[in-house]
Structures are given as structure tokens and as C-alpha cells.
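Everything below concerns the one structure shown next.
Please treat every number below as a calculation from the coordinates, not as lab data. These figures come from a predicted structure and were not determined experimentally. With ideal geometry, Cβ positions are generated from the backbone for all residues, glycine too; neighbour counts draw on all protein chains shown.
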Amino acid sequence: MVSYFYPLFPKIPVNLGLIELGPYFPPFYTLLYPLIVGVGYFMDLDITLSIIVFHFILKIQMGIVNRLGFEIGLTHSWPSSEFENWQGFGALCVIVPWSLWMAREHLSAIFRKAFTDDPSVDDSGEFLSYRTAVFGLLASGAFIVAR
């Protein structure tokens, strides 16, 4: 963008082309998004690597499914295929219950403090008290359902 206003400033290439794996495999788009690069820099390396690896695995799975003769088309106006959408939904169906299970002790302490004012649970260092947070969540949920 700077090179648009100052032509002597070198332009940073953001589209590095396509990487083709084969006739049935979808191409890898090599686009450089500065925002994604910045977010990836601040993320944990394990998470960044797992996102990249699972993206490659997904492309290979799509190529194998195409090679076996199944049609993977685009869905409506989204740039992802139905195959990708179902895999993302499956990941969501696993991650949400697993996260709730891992946080069960903390969540039970929050609800104990909110409903019974348990003195063993300390929320003095929190921005909102647990009672305010829980009742705010319930009130906002009731407002959304009532509309």
C-alpha cells in the first residue's frame, strides 16, 4: 500500500502463486496476509504448526476423495468445500465438550460462588465477581431468547 503512494518504495509480493500436487488434488494457494502472519507470530508454535499440518492433511484427503470418484463441490458462496465444512464441524463437536470437561472444576467453583456464595472460592482478583458474571450471562441469554 505504501508503494502505491510512493512508487520508489519496493512493493511486497503477496501472491506467490499456486502449488499443484496433481490432477485430482486441490491447489495450495500461497498468499501472504500480513494480519495472518502477525497473528501466527504471536500464537504458540504448537498451535501454528498444527494449523499448517492439518491444512496440508485436509488437502491430501480432498485429493484422495476426488481420486476415488466422489465430487467435492463448493457450497453456496463460501470459498471452502462441503468436505472442509463437515470436518470443521466435527472438530467443533469434539473441542467444545472436551473444553467444557477440562474446565468442569473451575466452572463448578464459579457456579458455587454465584449461587451459594461459597467462601472457599475467591473471586476478589477478578474484574467482575462470579455472581455478576453468571447472572449477566443468564440475563443476556434470556434477552436473546425473548427477542
What full-extension length gain, to one decimal in nm, is calculated for residue 115 and residue 135 as 0.36 nm per residue of separation minus the Cα-Cα distance? 6.3 nm
Could you give each residue of segment 102-115 its phi-based ³J(HN,Hα) in whole Hz, using Karplus coefficients 6.51, -1.76, 1.60 with θ = phi - 60°, and x for Gly or Pro? 5, 9, 4, 5, 5, 5, 5, 5, 4, 5, 4, 5, 6, 9
Proxy exposure order for 113, 11 (fewest C-beta within 10 Å first) is 11, 113
At a threshold of 8 angstrom on Cα-Cα distance, excluding pairs fewer than six apart, so keeping six or more, what relative contact order does the chain reach in percent? 11
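When 43, 62 are ordered from fewest to most other Cβ atoms inside 10 Å of their Cβ, what list results?
On the way: 43 12, 62 19.
Going from sparsest to densest Cβ surroundings: 43, 62.
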Contour excess over end-to-end distance, with Cα ends at residue 71 and residue 32 and 0.36 nm allotted per residue: 11.1 nm
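Take 20, 82 and order them by how many other Cβ atoms sit within 10 Å, fewest up front. Could the numbers behind the result be given before it?
Details: 20 10, 82 14.
Going from least to most buried by this count: 20, 82.
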Phi-based couplings in Hz for segment 80-92 (Karplus 6.51, -1.76, 1.60; Gly and Pro marked x): 10, 8, 5, 4, 5, 5, 5, 5, x, 5, x, 5, 5
